[in-house]
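In what follows, a single structure is set out as structure tokens and then discussed.
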Amino acid sequence: MISNSKYWVLISLIVLVYIAGMFVPLFENDSAQFAVMAMRMVQEHDFINLFKGPQEYLDKPHMHYWLAALSFKIFGIHDWAYRIPAILASLLGAYSCYGLGKLLYNKEVGKLSALVYLTAQTIVLSNIDVRTDAVLTGFTILAIWQLAAYIKTNDPKNIIWGAFGAGIAFSTKGQIALLVVGLPILCHLAYTRKWKTLINWKVPVGLAVFAITIAPMLYAYYHQFDLHPEKVIRGQDHRSGIFFIFWQQSFERLSGEGVGKNSSDYFFFFHTFLWVFLPWTVIGIASYWDKIKDFFKNKFQFRPEQEFLTLGGVTLIFIIISFAQFKLPHYLNITIPLFSVLTASYLYGLSTRNKEKTLKLLLSVQYFILGIVFVATTLICFYVFKFENLWNYLWLGILLACIAYFCFKADAMYPRIVTISVCTAVLLNAILNLHFYPSLLEYQGGSTMAQVVAQNSIPVDNIYKLSEGHTWALDFYDKKPLIISSLKGIKQKNDIWVYVTDDELEQLQKSGFDWDHQYTVDQFPITRLQAKFLNPNTRQRILDKRHLVHIY
């Protein structure tokens, strides 16, 4: 087993990586967009109505924006303040993984479950590129843990906490939260045959807590949409916010209606899983396969030492989201807590059953993954974005020395597998958070131009743009959305600044505008990386430009 001292060292290392990522500029589109939406709540003292730029926003509930706005109220409007609720939710998710692993298996499985969860690549990324998923995932696994505990103990406090977690998750992203919580719990009830726990006075209490928890979100939807049937949202009037969140939302995602279609590949999440669960991918797949074989071998008969919550939950969620016509990699985040418990129980079982051959094979695999990550991070540091100061060499040298110490220290195979896996996650994400992302975001025009605005004391109240095209990063770091205008609209103005693309700059020239100052920065859609961009020899060929001109 892993000693307590080593366990907390590993936890501390990954938490330090999370903290390092707090100070990276916000990514466009979603992170910066959501931060601007929360910022407007604070600046306009309106916590009821959600807006995406000039448009009313129906797609997602309010909880994520409320939490971000609360953080802004406490700490000020900063990128690191925006990330605080996500990090706290992820820590809650880790603690809930510990609780669920301990409940279903034992304390050692619980501890490892938390560690696997915190180091899974998509969970680390969700605290850098912060969307709604960190809060959703943290509270769904809290709900699953507490409801599973209620089924076992019949303790009313468990169903109350479970209902509260489900309510916060539902208020964050809607129906998907109920699906993620409900399917594993139904699988657990079906396997344990404890359906009688549903026939109890405590269940209505739990439903009441859930209703109270989601009431503020429902009121906000009702106030913004149901009271105003004249509002046209995505080409339709008479849109009910309450009907949307209870019925239409997930069906629109599944069908692609409203949000559009981006993938009909039913295996999208299967190959996406290969990277989102790094460095535990191979062990996770092995644990899933081992659990399936075990259940078929025993013909799904109930055994006290077994559980079907994780396997059943993961399988059903995977199947359902795979049929959605609109897919993004971070949709898999909701399955990571269940995969973490499944993976931890498998590794622990191998060690207690002395499966030396399998452990040795997995150890080799984890060394291989570490080697791949080492090569990738070396390329990042010395080719893609070259180190430019001694400080980078210093912290990288210290990090590599620590990893080498842990990797070559004599230890049993089980703790060595865990240690190497965590070191792989720490190495990769330390390089990403401390070097790759800061270098990459120099090519995000909005956040870079915001630095120009600040350095030159350009009045943010006097900056215009010529279309409704998003400028989320510039809006956030200027702490004020740009004023939307047109060529005709700015003709009557003078002493203004206009933020434009290459094409819009050409339009200004052809329309006879003159300017006496021009600032230009590079622009690249940094969340859509491609080989030509990562290659420094071809990077300049595919960059766009963003310009800020002063029209006098």
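Taken together, the values in this text are just the output of simple stated rules run on the coordinates, not laboratory data. These numbers come from a predicted model, not from an experiment. Using ideal geometry, Cβ is built from the backbone for each residue, glycine included, and neighbour counts are taken over all protein chains shown.
Once every DSSP H run of n ≥ 4 in the chain is given -39500 (n - 2.57) and the sum is divided by its residues, what mean residue ellipticity at 222 nm do you get, rounded to the nearest 500 deg cm²/dmol?
-19500 deg cm²/dmol
Taking every alpha-carbon pair under 8 Å whose residues sit at least 6 apart, the chain reaches a relative contact order of 16 percent.
If we count every other residue with Cβ under 14 angstrom of Thr197's Cβ, Lys/Arg +1 and Asp/Glu -1, where does the sum land?
Every neighbour counted, the sum reads +4.
Rounded, prolate or oblate: which fits the range 277-324, taking a ≥ b ≥ c as square roots of the Cα gyration tensor eigenvalues, rounded meaning a/c under 1.5, else prolate when a/b beats b/c? It is oblate, given that a/c is not under 1.5 and a/b is not larger than b/c.
Considering only Cα-Cα distances, which of the following residue pairs are longer than 27 Å: Lys196/Lys293; Lys73/Lys202; Lys60/Lys480; Lys194/Lys299; Lys60/Lys196; Lys111/Lys386? Table pairs above 27 Å Cα-Cα are Lys196/Lys293; Lys73/Lys202; Lys60/Lys196; Lys111/Lys386. Rounded to the nearest 20, the size of the Cβ-charge dipole of the chain about its Cα centre is 2200 debye, with Lys and Arg at +1 and Asp and Glu at -1.
Provide the packing ranking of 414-423, 363-372, i.e. peptides ordered by the mean count of other C-beta atoms within 10 Å per residue, highest first. Spell out each step's value before the answer.
Numbers: 414-423: 23.1, 363-372: 16.0.
In descending order of packing, they fall as 414-423, 363-372.
Between the Cα long axis of helix 202-221 and the first principal axis of the chain there is an angle of about 10°, rounded to the nearest 10.
Ignoring lysines fewer than eight residues from Lys510 along the same chain, the ones with Cα atoms less than 19 angstrom from its Cα are Lys465, Lys488, Lys491, Lys493, Lys545. Peptides 24-36, 490-502 ordered by packing proxy, namely the average of other Cβ atoms within 10 Å per residue, highest first: 24-36, 490-502. What FRET efficiency comes out for Glu506 versus Phe382 if R0 is 45 angstrom and r is the Cβ-Cβ distance? Round to the nearest 0.05. Rounded to the nearest 0.05, the efficiency is 0.70. The angle between the Cα long axis of helix 281-297 and the main principal axis of the chain comes to about 40°, on a 0 to 90 degree scale. Other residues with beta-carbon under 10 Å from the beta-carbon of Leu26 carry, at +1 per Lys or Arg and -1 per Asp or Glu, a net charge of -3.
Would you kindly state how much longer the chain becomes between Lys532 and Val203 on full extension, computed as 0.36 nm times their sequence separation minus their alpha carbon distance, in nm to one decimal? It would help to have the intermediate numbers written out before the result.
Details: separation 329, 0.36 × 329 = 118.44 nm, distance 5.67 nm.
This chain segment gains 112.8 nm when fully extended.
Sorted ascending by nearby beta carbons within 10 Å, beginning with the fewest, Val384, Val135, Val180 become Val384, Val135, Val180.
Relative to the longest principal axis of the Cα atoms of the chain, the long axis of helix 156-173 makes an angle of roughly 30 degrees.
In straight Cα distance, which aspartates and glutamates are under 14 Å from Lys152, not counting same-chain residues fewer than 8 positions off? Here the aspartates and glutamates satisfying the reach criterion relative to Lys152 are Glu305, Glu307.
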